[in-house]
Every structure is written in structure tokens, then in C-alpha cells.
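The values are calculated or read from the model by the stated rules, or taken from the named source; none is laboratory data. What you see is a predicted model, and the numbers here were worked out from it, not measured in a lab. Glycine gets a Cβ as well: all are built from the backbone with ideal geometry, and neighbour counts include every protein chain shown. Side chains included, ligands, DNA and RNA excluded: accessible areas come from the protein's heavy atoms. Shrake-Rupley method; radii C 1.70, N 1.55, O 1.52, S 1.80 Å.
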Amino acid sequence: MTKKTLGEYPRETLTDQIVVVRVDYNVPLDPDGEVVDHTRLVRTLPTVQYLVEAGARTVLLSHLGRPKARPEPALSLRPLAGKLEKLLGSAVCFCPATTGPVAREAVQGMKSGDVLLLENTRFCPEERRNDLAWAEEIRYGTKLFVNDAFGAAHRAHASTKGIADAVRVAGGEAVAGFLLEQELRFLCDAIADPEHPFVAVIGGAKISSKIDVIEALLPAVDRLIIGGAMANTFFKARGWVVGDSLVEEDRIETAHSLVELAGDKLRLPVDVVVAPQITSEASTRVAASDEVREGERIGDIGPRSVQSFADELDRARTVVWSGPMGVFELAPFQSGTFGVARAAASTADRGATVIVGGGDSVAAVVAAGVVDRITHISTGGSASLELLAGKTLPGVAALSDR
Ligand code: ADP
Ligand code: MG
């Protein structure tokens with residue numbers, strides 16, 4: 001870690017101090033606007049709890065969804081204040097403004113140990129513009145900014161980058177909260193110096209979305225396992241029939257060069273689950289990967305592939321997994337992903353470091369019932385991938401150096 005953390009900041013000086021914390025409460029909403037999953041709130045509790053117990057006056061900032069730079073009631077953070085209050089076990093106030101007189105008054109009225117959640121930062125056009133005057137406003141005069149929003153750290157917005165710069169200019173400190181610190185430790189440190197064998201499992205829909213991650217991990221890993229729709233493009237590159245499966249025609253060259261680059265590190269599925277259509281009622285068959293027929297669609301990896309990937313995971317001391325092995329959302333195509341999830345969990349049970357990142361991958365380990373056994377579940381979708389790809393995240397870069 002090259003960045004300062006909340007844990008290192010002198011705790012006694014927090015008493016009565018206004019501390020502005022950027023959290024990532026960009027929770028998934030169902031079509032009726034109900035919150036589907038509160039994991040992102042739960043993961044910030046160590047930081048918020050710590051500040052409350054230290055007697056700080058904690059101001060929370062977050063975005064939710066993609067409002068068009070103006071208030072949209074459906075994307076208000078108000079319902080989350082009540083949920084956070086229950087999780088935290090102490091009062092959380094909500095302010096229906098992010099800046100301006102109402103918000104200022106609410107911040108000024110806080111007492112030691114209070115928590116105040118301000119309204120969705122993206123209701124204000126200044127947020128995405130990284131407007132520096134507005135960043136100074138949301139600083140609320142504090143000398144301590146805590147960034148605990150890993151999922152937003154890949155954005156150079158006012159509440160991630162601008163405010164950190166403003167605090168440092170004012171002679172204060174911008175530090176990583178406990179969640180951000182944990183994410184950086186696992187995704188950077190563990191991978192910079194991994195225990196071997198180090199196995200990467202990459203799947204999901206597209207090569208194009210993970211190519212940077214694959215290229216960054218390849219020199220470090222002992223095995224690169226590729227599954228999901230991504231594998232189809234590799235099959236096609238070998239000249240095999242893939243029927244009507246999802247293929248990225250414009251990535252066949254990429255697949256060729258990855259095969260070259262990876263050499264004998266690469267493992268592709270030896271068998272696949274195919275069906276005429278990818279639906280929840282599809283009648284499926286298992287085929288060797290080079291025996292798919294015209295008109296068929298690949299929806300999952302087959303049982304022999306699961307076994308061979310599980311054997312690789314069994315030997316691993318470090319595992320990074322991003323991207324499901326098939327269309328795990330539909331019952332006929334979930335065995336591959338769930339089988340690999342169980343193997344990854346068993347590896348973690350034996351003390352290996354197992355890291356799962358990516359929105360759908362995390363949903364898959366939850367659905368497989370093994371989420372609690374995984375060493376580290378990364379809360380950032382795009383941010384996790386960018387960090388794994390070795391990119392610098394603007395929200396992290398803006399924090400105070402050690
Ligand atoms: P993550 O969010 O974990 O990074 P991706 O977004 O890259 O993962 O990919 C997840 C999606 O890939 C899932 O919705 C899954 O249904 C889809 N997928 C996986 N395998 C296949 C396949 N063989 N055919 C079609 N879609 C697939
Ligand atoms: Mg996804």
C-alpha cells in the first residue's frame with residue numbers, strides 16, 4: 001500500500017471532527033425501484049462504525065444509478081438511510097440536498113457520533129464534471145476525506161477525485177477507508193506477489209471486456225482457464241463449428257494471439273453444454289468442444305471441463321476468478337459455473353487466497369451458496385477489472401501518499 005489509510009490516522013483527533021466519507025451505495029434496484037441487495041452498505045460498516053465510535057461527525061456521500069444530472073425521486077438515497085440505521089444500530093439522518101444552504105445547515109447541526117447521508121451526488125451536474133468549486137463545497141471544511149467507494153474509484157468525479165485534491169490543497173489528508181484498503185490489498189498486493197500455483201479463471205460474455213485483465217495477469221499466472229461465451233471465440237479460431245453460439249467475430253485474431261502468448265498455461269473447456277435455444281426450458285446435450293453442430297448454441301461448460309478445472313483449482317494457492325462459465329442465470333446452464341464455484345470455495349477452505357470480482361461472477365457465487373467461503377469478494381465491477389488489469393484508478397491516485 002502506497003496510500004494512507006483510515007487505520008493509520010490518529011484516532012483521538014477524530015472526536016468532534018467533520019469527516020466526509022465517499023461510500024458506494026450504488027445498490028442494485030429491481031424494476032419497482034426496490035433495493036435487491038444491501039451488500040454494499042454492509043461492506044462500509046467497519047469504516048462508518050469506527051468513525052461513530054471515535055466520536056466523529058460523519059458525512060456520507062454516494063451516487064446511485066445514472067440520473068440525468070438532476071433530481072430523480074426514484075434514485076434518491078433516502079430509503080438507504082433507514083437501512084443503514086438498522087445495520088449500524090445507531091441513528092442515521094438523511095438530507096435531501098447534497099450542497100447548498102439546506103445541506104450546509106444539516107452538516108453544521110451535527111453532533112459528535114452523528115451520521116448524515118447526503119442526497120445522490122449525481123443529481124448535481126458538477127459531480128461528473130469534477131467541478132472543483134463544487135468539490136470544495138462537498139468538503140464541508142473538513143481536513144479528513146475518507147474514500148471507501150471502491151466501485152466508484154475508476155471515475156475521476158468531484159466526490160472521488162476532486163474532493164481528495166481539495167482536501168490535500170487545504171492541508172488535510174485523503175485516506176482509504178477499511179473497505180477500499182482491503183480491496184487494494186487483495187487486488188494489487190496479492191497479485192503483485194502471489195503464492196503459486198496462481199490460477200486465473202476468466203469467463204463471461206466477451207473477450208473484449210476482459211482482454212486487458214488477461215494480458216495483465218498472464219505473465220504472473222501458472223494457469224489461465226477460459227470458459228463462458230469467451231471460449232467460443234477460441235473454438236472458432238481453431239476452426240471448430242460453434243453453431244449459433246455467441247462469438248466475437250472481430251476478436252478471432254485476439255484469440256489466436258492469446259493462444260500464442262499463453263502457450264501451455266492456457267486451458268479451454270474440453271466439453272460444452274449445447275441446446276437449440278438458450279432458455280430455461282431448453283433440452284440440452286453435452287458435446288466435446290469440437291463436436292458442436294450447426295444450429296446449436298453453447299450455454300455452459302461440460303462436466304469433464306468442470307472436473308479438470310476443479311483439479312487445477314485444487315492445486316492452486318492463489319485464484320482470481322472473473323466471469324461465469326455459462327449462462328448460470330438459467331437452470332439448464334448453471335452446473336459449470338456452480339461446479340467451479342464449489343471447487344473455488346474448497347480451495348479457499350484449504351487456506352488458498354481466492355478472489356472473485358465482477359458483478360455477475362459475484363452474483364454467481366452467491367447463487368451457488370458459497371459466497372461466505374471465498375477469501376475476498378470484490379465490490380467493484382469495472383473498478384475491480386481495471387485494477388486487475390494494472391490500471392491506475394483516479395480515486396485511489398488522488399489519495400495522500402504514505
Ligand atoms: P462479470 O460481470 O462477472 O464480469 P460478464 O459480465 O463478463 O461477467 O459476463 C456475464 C454474462 O456472461 C452472464 O450474464 C452470462 O449469462 C453470460 N455468459 C456466460 N457464458 C455464456 C455463453 N456460453 N453464452 C451466452 N452468454 C454467456
Ligand atoms: Mg457483468
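Pairs of Cα atoms under 8 Å, at least six residues apart: use those to get the relative contact order of the stretch 1-114, whole percent. It would help to have the intermediate numbers written out before the result.
Values: 125 pairs, mean separation 34.2, N = 114.
Worked out over the stretch 1-114, it gives 30 percent.
Quick one: Cα centre-to-centre distance for the stretch 266-290 and the stretch 1-57, in angstrom?
Each part's Cα centre sits 43 Å from the other's.
Does the stretch 43-114 come out rounded, prolate or oblate, given a ≥ b ≥ c as the square roots of the eigenvalues of its C-alpha gyration tensor, rounded meaning a/c under 1.5 and, failing that, prolate meaning a/b above b/c? Write out the running numbers ahead of the final one.
Numbers: a/c = 2.26, a/b = 1.39, b/c = 1.62.
Oblate is the answer for the stretch 43-114, as a/c is 1.5 or above yet b/c matches or exceeds a/b.
For a quick check, take a GNM of the chain with Cα springs below 10 Å and name the residue from Leu217, Leu144, Leu80 with the largest mean-square fluctuation.
Checking each option, the largest mean-square fluctuation is seen for Leu80.
Residue by residue through the stretch 165-174, what is 3J(HN,Hα) from phi via Karplus (6.51 cos²θ - 1.76 cosθ + 1.60, θ = phi - 60°)? Round to whole Hz and write x for glycine and proline.
Per residue, the Karplus-derived 3J(HN,Hα) values read 4, 4, 5, 5, 4, 7, x, x, 10, 10 Hz.
Between 0 and 90 degrees, rounded to the nearest ten: what's the tilt of helix 252-262 against the longest Cα principal axis of the chain?
Helix 252-262 sits roughly 90 degrees off the main axis of the chain.
By DSSP, what percent of the beta bridges with both residues in the stretch 250-402 are antiparallel, rounded to the nearest 5? Don't skip to the end; give the middle numbers.
Details: 8 of 14 bridges.
Here the share of antiparallel DSSP bridges comes out near 55 percent.
Counting only C-alpha contacts under 8 Å and six or more residues apart, can you give the relative contact order of the stretch 165-295 as a whole percent? Write down the numbers at each step before the final one.
Values: 150 pairs, mean separation 26.2, N = 131.
Rounded, it is 20 percent for the stretch 165-295.
Carbon and sulfur: what percent of the stretch 282-402's accessible surface (1.4 Å probe)?
Carbon and sulfur together cover 46 percent of it.
Test of understanding: what is the full-extension gain from Leu330 to Glu34, defined as 0.36 nm times their sequence separation minus their Cα-Cα distance? Spell out each step's value before the answer.
Working: separation 296, 0.36 × 296 = 106.56 nm, distance 2.28 nm.
Taking Leu330 through Glu34 to full extension adds about 104.3 nm, to one decimal.
Where does the charge balance sit around Val59 when Lys and Arg score +1, Asp and Glu -1, over other residues with C-beta under 15 Å from its C-beta? Don't skip to the answer; put the middle values down first.
Numbers: positive: Arg22, Arg57, Arg104, Lys111, Arg139, Lys143; negative: Asp16, Glu105, Asp114, Glu119, Glu136, Glu137, Asp148.
Local charge sum for Val59: -1.
Nearest 10 degrees, 0 to 90: what angle lies between the long axis of helix 335-349 and the longest principal axis of the chain (Cα atoms)?
60
For the chain, what is the calculated [θ] at 222 nm in deg cm²/dmol (nearest 500), taking -39500 (n - 2.57) for each run of four or more DSSP H residues and dividing by its residue count?
Details: 16 runs with 132 residues, N = 402.
Rounded to the nearest 500, it is -9000 deg cm²/dmol.
³J(HN,Hα) across the stretch 86-92 via Karplus (A = 6.51, B = -1.76, C = 1.60, θ = phi - 60°), whole Hz, x for Gly/Pro?
These are the phi-based 3J(HN,Hα) values: 5, 5, 7, x, 8, 4, 10 Hz.
So in the chain, what percent of DSSP beta bridges are antiparallel if you round to the nearest 5? Can you show the working numbers first?
On the way: 10 of 46 bridges.
About 20 percent, rounded to the nearest 5.
Compare the peptides 366-374, 350-358, 204-212, 158-166 by average per-residue count of other Cβ atoms within 10 angstrom and give them in order, highest first. Walk me through the numbers before you get to the answer.
Numbers: 366-374: 16.7, 350-358: 21.1, 204-212: 18.2, 158-166: 26.6.
Packing proxy ranking, top to bottom: 158-166, 350-358, 204-212, 366-374.
Mean separation of Cα pairs under 8 Å and 6+ residues apart, divided by the residue count of the stretch 262-402: what relative contact order is that in percent?
Numbers: 227 pairs, mean separation 24.9, N = 141.
Rounded, it is 18 percent for the stretch 262-402.
Under 10 Å, Cα contacts only: if you run a Gaussian network model on the chain, which one of Leu179, Leu29, Leu84 comes out with the highest mean-square fluctuation?
Its mean-square fluctuation being the largest, the pick is Leu29.
Is there a pair in Lys86/Lys111; Lys83/Lys161; Lys4/Lys391; Lys83/Lys391; Lys236/Lys265 whose C-alpha atoms are over 29 Å apart, and which pairs would that be? Please report the intermediate quantities before stating the final value.
On the way: Lys86/Lys111 20 Å; Lys83/Lys161 27 Å; Lys4/Lys391 19 Å; Lys83/Lys391 34 Å; Lys236/Lys265 20 Å.
Beyond 29 Å between Cα atoms: Lys83/Lys391.
Which angle from 0 to 90°, rounded to the nearest 10, does the C-alpha axis of helix 303-315 make with the longest principal axis of the chain?
60
Where in the chain is the longest stretch that carries no GluC sites (Glu not before Pro) classed as loop by DSSP and with at most 14 other Cβ atoms within 10 Å?
Excluding the exposed sites themselves, the longest stretch runs over 35-194.
Using 7 Å Cα-to-Cβ label points, what is the Ala170/Ala156 separation (nm, one decimal)?
Distance between the two pseudo-spin positions: 2.2 nm.
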